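Working notes, beginning with the structure itself.
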Amino acid sequence: MTRSSYQLTATCVERRAAGHSGATIARVVGRSETWVSRHLAAWDGAGRELHHAWEEGRLTDDAVMRIAALPRERQAAAVANPTQSKRSGTSASMKHKWTVRRIDAVLQIVQGQLRGWFGEGDSAGLRPQDVRAAVARLEEERDALERRGRRRGHASAKL
């Protein structure tokens, strides 16, 4: 029997709580480290309504990721109408074309901020799990671009 993404993510949460690394968790659930990172970030950012809808299989993984990145007070409305939340997601507001190089540059900036914020709470109006979800999304986008062989990150690429 195939396990749902919710069930796989619950396994990831259990393994993380037991102190396992992302690489170990990825091997156990048979997914990439990026998948594990994105789903753990979504789990952490998801409110009760989103968890319930996710567990019931009423939302796609993309919808879960998008809605989990929203503030919790907006998640219930987004769960009720997931197509309307599409424009609120991270990638929907980015109108320019992403390249591997551009994503790597953004990842370096965001990861530096995460290192600075880790354990320091809400220093800029963002929750660390929101930033982790954005980082995971960017990593997945970069991986997808690399898989498609679309490496357009020339020296002339503008950030």
Of the residues in the range 63-75, those that are out of contact with any Ser or Thr (no Cβ under 8 Å at 6 or more places or on another chain) and either within 19 Å of residue 10 (Cβ to Cβ) or of a type in the set (Val, Ile, Thr) (or both) number 3
In the range 70-101, which residues are modelled with pLDDT of 75 or more and either surrounded by 13 or more Cβ atoms within 10 Å (Cβ to Cβ) or not in a loop (DSSP other than H, G, I, E, B) (or both)?
-> 70, 72, 73, 74, 75, 76, 77, 78, 79, 80, 82
Tell me which residues, restricted to the range 11-69, are part of a helix (DSSP H, G or I), over 16 Å from residue 139 (Cβ atoms) and of a type in the set (Ser, Thr, Tyr).
-> 11, 24
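The values are calculated or read from the model by the stated rules, or taken from the named source; none is laboratory data. Here the structure is a predicted model, which means the values were calculated and not measured. Positions of Cβ are generated from backbone atoms using ideal geometry, with glycine treated the same way; all protein chains shown enter the neighbour counts.
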